[in-house]
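Quick notes on the structure that follows.
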Amino acid sequence: MFISVLDLFKIGIGPSSSHTMGPMVAAKDFRDRIQAYVANHTVPPFMQVRCTLRGSLAFTGKGHATDRAVTLGIHQYTPLALAKLDVNELFEKLWQQKTIQVNESAMIHFNPPEDIVFDRGEPLPEHPNGMIFQLLDGTGKTLLTETYFSIGGGFINTLSEIGQLVAPIKLEMTKSCGFPFDSANQMMKMSTDSGLSIAAMKHSNELERISERELNEGLDAIWDAMRTCLEKGLVAEGRLPGGLNIKRRAHSLYQQLQSNPQKANLNDWLCAYAMAVNEENAAGHMVVTAPTNGAAGVIPAVIYYAVKHEGTTPKQVRDFLLVAGAIGGLIKHNSSISGAEVGCQGEVGSASAMAAAGLCAIKGGTTEQIENAAEIALEHHLGMTCDPVGSLVQVPCIERNGFGAIKAYTAASLAIRGDGQHFMSLDNCIAAMKQTGLEMSVKYKETSLGGLAVSITEC
């Protein structure tokens, strides 16, 4: 199994990788298909684009800015291209447009308030995050259609692709890399047999596709984006958009810690750093999927603490990301990182496991200790629901990232003080997460139909 660390960590915008970035990528892909269709067919004078959102996208898409994402994607924007733009200003302009210009002669009608449909009926059977795009003529006849699924972390599959997959991920053949581990047990055996660390094996796999320079530049760009997002969140004030009137807290917390550092502890710093990232995500600003937007604060917080307070070097940051990417790939391959599929255990739980593994690695942990760290962190997120209040990635999501970072640090500390031998394997823990997610009620999988999302008392 191979998934590049540069694919797992994506630079984009908030508030959601599965509900914002994925739909934007899907809409951009459908726009490209329209371009090809118009270029190769005689088309009618009137054409219209329609996007029907199903499942979790329909229930929480408004709060997760899915309609904004589809609009931006249809107009050919990508998450990466928007990372440093004023998205709100651009979106307001596009939202008012009623057409898209495909070429000099083809104008297609697309009025987002009418042509983006939130269908709260039964979800599509293949995945809870479904989207059906259609190009219609004046009579309502379908000229072109494609069904997409946003499978977490900004990844998408078409209907034909998801039907061919055992796990919800686009993979390359195992023979395409030197260390094709499909499980944590295989990873540990390959490490023992080769004498290489997890970071070294992942590094070797990456270099079979890209150069050392491209890999290092990519890893540095990911960390630079994470750091930039975190530091912006530490100075930003005000209230978050969406209607809950949630006040940003990272700035105030950070100021308190700076003014009285002798009374600040590890938990305080990690919460400030993680919440800063997720407040930026909730505001729709630049963020890195790590492995998702909803869990984007855990890994940056742990790395930032290690750099600022423990002297971690740039080389160690790269190794951290490589190891975290290896663990994230295993979880995505054998279970899911999608909150709509398995609840928040698949988002913050996965991020915490990845962060614990990365931290353990740069602290000198053995392969067995690193696997143990990931297992400890993931184990203590099992069963965590995804029940965002108001369909927004704010409550409990922002604070939850702080706790995920704390658990990651604790897991790494416990593992590195042990000998790597432990009762429950990471593979078994990942399998338990998948089964728990399958048995979890749809109310607790990013639909805002249960849990905290319906526990608000109106005053």
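Values quoted throughout were computed directly from the atomic coordinates according to the rules given, and no laboratory measurement underlies them. Quantities reported herein were computed from a predicted structural model and do not represent experimental measurements. Note that each Cβ is placed from the backbone with ideal geometry, even for glycine, and that neighbours are counted across all protein chains shown.
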Cα gyration tensor shape for the range 18-162, rounded if a/c is under 1.5, else prolate or oblate: oblate
Give me the Debye-computed log₁₀ of I(q)/I(0) at q = 0.06, 0.12, 0.13 Å⁻¹ for the chain, equal point scatterers on Cα only, no solvent, two decimals. -0.25, -0.98, -1.13
Work out from phi, with θ = phi - 60° and the Karplus expression 6.51 cos²θ - 1.76 cosθ + 1.60, the ³J(HN,Hα) of each residue of the range 132-142, listed in order in whole Hz, and give x for Gly and Pro. 10, 9, 9, 10, 10, 9, x, 8, x, 6, 7
Rounded to the nearest 10 degrees, what's the angle between the helix 212-235 long axis and the longest principal axis of the chain, both from Cα atoms, 0 to 90? 90 degrees
Calculated from DSSP H runs of 4 or more alone, at -39500 (n - 2.57) each and per residue, what is the 222 nm mean residue ellipticity of the chain, nearest 500? -15500 deg cm²/dmol
By how many degrees, 0 to 90 and rounded to 10, does the Cα axis of helix 184-194 deviate from the longest principal axis of the chain? 60 degrees
Determine the distance separating the Cα centre of the range 9-73 from the Cα centre of the range 112-153; give it in Å without decimals. 9 Å
Place a +1 charge on the Cβ of each Lys and Arg in the range 18-162 and a -1 charge on the Cβ of each Asp and Glu, then give the dipole magnitude about the Cα centre in debye, rounded to the nearest 20. 120 debye
Rounded to 5, the percent of DSSP beta bridges in the range 18-162 classed as antiparallel: 85 percent
Protection-proxy order for peptides 385-398, 347-360, 310-323, 137-150, each taking the mean of Cβ atoms within 10 Å per residue, highest first: 347-360, 385-398, 310-323, 137-150
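What does the charge dipole of the chain about its Cα centre add up to, to the nearest 20 debye, if the Cβ of each Lys and Arg holds +1 and the Cβ of each Asp and Glu holds -1?
580 debye
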Amide H of HIS285: which non-local residues (sequence gap of 5 or more, or other chain) have their own amide H closer than 5 Å, using H built in the peptide plane? GLY14
To test your reading of the geometry: what angle, between 0 and 90 degrees and rounded to tens, separates the Cα axis of helix 250-259 from the longest principal axis of the chain? 30 degrees
Cleavage-rule hits, GluC sites (Glu not before Pro), the range 1-106, DSSP coil, Cβ neighbours within 10 Å at most 16: GLU104
Once amide H atoms are built 1.01 Å from N in the peptide plane, which residues 5 or more positions from VAL117, or in another chain, come under 5 Å H to H? CYS51, THR52, LEU53
Cα centre as origin, Lys/Arg/Asp/Glu Cβ charges: the range 309-459 dipole, Debye: 240 debye
